[in-house]
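Written out below as structure tokens is the structure these notes cover.
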Amino acid sequence: MDSQHWRAVITAAQAGDRQALDELVAGWLPLVYNIVGRALNGHADVDDVVQETMLRAVDNLGSLRDPDSFRSWLVAIAMRQIRDRARRRTPERLEEAAASDFAELTVLRLQLEGQRREVAEAVRWLDDEDRQLLSLWWLEVAGELTRRELAAAVGITRQHAAVRVQRMKERLETSRGIVRALDGACPDLRELTGRWDGRPDSVWRKRLARHIRGCAYCGGTRETVVPAEHLLVGIALVPLPVGFTLSLAFGGKTAVAAGSAGWSAKLLGALTKPAVAMTAGATIVAGGAYVVTQPPHAPPPRAAVTPTATATSEPPPSATPSPSPTPTPSPSAKRKADLYGTVVDAVDRAPDPDARPAALPRRPETGVTSTGGPKAVMQHRGDSVTLSGRGYVLVRWQISPHSRPGGVVMPTWTGLKGELFHVASGGSRRMDDPLPGAPNGYATGMGGPDIGYAVLPPGTQQMWQNEYFYVDGTVTLTQNERGCDYGIAVFPSDWEAVDKDVNTGPAQGAIRYGLVRDTGTDSAPVPQYVTRATPADPATVPQRSRV
């Protein structure tokens with residue numbers, strides 16, 4: 001929409017037009033949500049800060065003299081609320097967990113891949129002040145804000161803003177290098193991060209950056225690194241999450257605003273009248289609560305676009321194999337459902353190193369969210385992560401018999417709602433394959449004669465370095481270490497990553513190609529240790545569970 005239209009909408013809202021106010025709030029809510037969400041990286045305070053920003057904008061709309069400056073005025077309000085929130089934080093709230101990791105939300109909802117995904121994940125490693133500036137700079141390079149508006153929102157000159165942005169970009173590039181290195185297989189880096197709890201912070205950013213600068217493996221890159229601003233051009237806003245509620249007419253704050261003299265009382269009073277109006281993917285209901293709506297089983301929402309900027313398209317992704325058509329449901333659907341969970345992995349022999357894997361069936365993906373973020377590192381008994389959604393998940397093994405050999409108490413999948421399949425094994429080797437560079441091949445991922453061996457329970461499937469699963473629902477994975485020391489890292493993934501991993505074979509210096517387990521049907525294997533129950537001790541899940 002053009003600026004002339006929004007000038008008319010703002011003027012009408014200032015005069016008390018409820019429909020205009022509906023349109024104004026619904027149209028600009030995504031911009032505020034993205035600024036606050038990225039600045040706070042999805043902290044539990046995001047909803048409160050967004051609500052306070054919109055409430056103050058509505059309450060002070062009459063003081064805005066020039067409707068053309070509405071966007072910069074609104075962004076400045078949002079930044080003030082973010083800074084006020086930082087000043088109000090108590091030591092106890094500093095450790096409060098994020099409500100939903102905004103970096104992960106950005107990746108999933110905008111379906112970012114490659115270096116674009118890397119930029120989004122690098123945001124976690126920035127300090128609060130840098131994240132606040134990046135929340136505006138990201139929108140500047142995406143075409144949603146101007147440099148003048150960025151500088152005004154931060155309260156500095158354009159020249160000072162240029163210096164601040166440049167320093168922030170340097171730290172962002174350092175953080176991108178960390179994300180890239182953590183996805184690699186540098187043994188020295190694995191040893192360094194053995195003491196890391198998996199939470200990005202400035203101390204570990206400096207430690208990891210120092211390692212990367214002195215490491216030929218981590219410092220190198222197999223592809224040209226594209227500047228972040230080139231990757232972000234044209235990326236639209238992250239859509240509001242389903243169920244996001246913006247209440248502008250409840251509670252003491254509203255009472256104070258509505259009790260003030262002038263037009264604000266008229267506007268807020270209008271919000272309390274019984275009515276439902278659908279605008280821009282949001283619903284305003286009786287009482288003035290904006291609720292993002294989406295029908296059940298609807299496809300992922302398209303990225304929202306701010307009303308004052310024309311979104312430029314991203315380069316189209318490279319072509320990938322299309323999923324097979326879904327068969328039309330038949331009267332035998334109940335029999336198909338009964339088949340689920342009847343095939344549990346059994347012990348098998350490692351395929352020949354030159355044996356290529358079967359084709360990997362492509363299952364539908366809408367994205368998987370993880371309570372541990374994009375990389376949950378579980379190193380101790382009782383560590384767990386809950387996965388929700390529909391898509392692929394990588395579980396990467398790291399067994400440490402040099403620390404403590406002995407029997408392995410396997411991780412378990414509990415509280416399953418929906419379906420869970422074991423679709424593929426990769427990482428270029430099984431854990432009982434010889435380690436690269438080991439003399440005479442006597443040492444494997446399961447140990448060696450000089451340090452002892454990790455021993456699996458009888459009948460347990462031998463793990464590969466990378467194990468891939470497909471989740472359609474919700475399930476919790478728990479690390480049950482007792483005996484042999486081991487760790488697992490859990491990453492939401494996608495079909496392309498799984499297919500690439502299992503097809504990386506000896507030609508690239510690996511030990512063997514991967515193994516595809518998925519049949520594409522409900523008779524595909526499920527993990528050996530999985531249950532719909534939620535036992536007090538997850539380690540007690542039987543090996544051949546009923547799901």
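The values are calculated or read from the model by the stated rules, or taken from the named source; none is laboratory data. Only a predicted model underlies this, so the values are computations on that prediction, with no experimental measurement involved. Using ideal geometry, Cβ is built from the backbone for each residue, glycine included, and neighbour counts are taken over all protein chains shown. Keep in mind that these areas ignore ligands, DNA and RNA; they rest on the heavy atoms of the full protein, side chains included. Shrake-Rupley method; radii C 1.70, N 1.55, O 1.52, S 1.80 Å.
Ignoring ligands, DNA and RNA, what percent of the 1.4 Å accessible area of region 113-172 is carbon and sulfur? Please list the in-between numbers first.
Numbers: 1030 of 2370 Å².
Carbon with sulfur: 43 percent of the solvent-accessible area.
Can you pull out the GluC sites (Glu not before Pro) in region 157-238 whose DSSP state is coil and whose Cβ has at most 13 other Cβ atoms within 10 Å? Intermediate values should be presented prior to the final figure.
Working: sites: E170, E173, E191, E223, E229; in loops: E223.
When the GluC sites (Glu not before Pro) of region 157-238 are filtered for loop state and at most 13 Cβ neighbours within 10 Å, E223 remain.
Under the Karplus relation 6.51 cos²θ - 1.76 cosθ + 1.60, θ = phi - 60°, what is the ordered set of whole-Hz ³J(HN,Hα) values for region 162-174, x standing for Gly and Pro?
4, 5, 4, 5, 4, 5, 5, 4, 4, 5, 5, 5, 4
Could you report the accessible area of V455 in Å², rounded to 10, computed with a 1.4 Å probe on the protein chains as they sit in the structure?
80 Å²
At a probe size of 1.4 Å, how large is the accessible area of C215, to the nearest 10 Å²?
20 Å²
In Å², what does the accessible area per residue of region 382-524 work out to with a 1.4 Å probe? Kindly include the intermediate steps, with their values, before the conclusion.
Numbers: 4910 Å² over 143 residues.
So region 382-524 comes to 34 Å² accessible per residue, rounded to a whole number.
Which shape class applies to region 430-547: rounded if a/c is under 1.5, otherwise prolate when a/b exceeds b/c and oblate if not, where a ≥ b ≥ c are the square roots of the Cα gyration tensor eigenvalues?
Cα axes put region 430-547 in the oblate bin.
Using modelled amide H (1.01 Å from N, peptide plane; none on Pro or chain starts), what sits under 5 Å from the amide H of V423, excluding residues fewer than 5 places away?
Y468, F469, Y470
G143's amide H: which non-local residues (gap 5+, or another chain) put their own amide H closer than 5 Å, with H modeled 1.01 Å from N in plane and none for Pro or chain starts?
Amide H neighbours of G143, under 5 Å, 5+ apart: G234.
Calculate one ³J(HN,Hα) per residue across region 204-210 by plugging θ = phi - 60° into the Karplus curve 6.51 cos²θ - 1.76 cosθ + 1.60, and present them in order as whole Hz with x for glycine and proline.
Karplus-based 3J(HN,Hα) across region 204-210 equals 6, 4, 5, 5, 5, 5, 5 Hz.
For S545, list long-range residues whose amide hydrogen, built 1.01 Å from N in the peptide plane, is under 5 Å from its own amide hydrogen.
V530
Can you compute 3J(HN,Hα) from phi for each residue in region 510-516, using the Karplus curve 6.51 cos²θ - 1.76 cosθ + 1.60 with θ = phi - 60°, rounded to whole Hz and x for Gly and Pro?
7, 6, 7, 5, x, 10, 8
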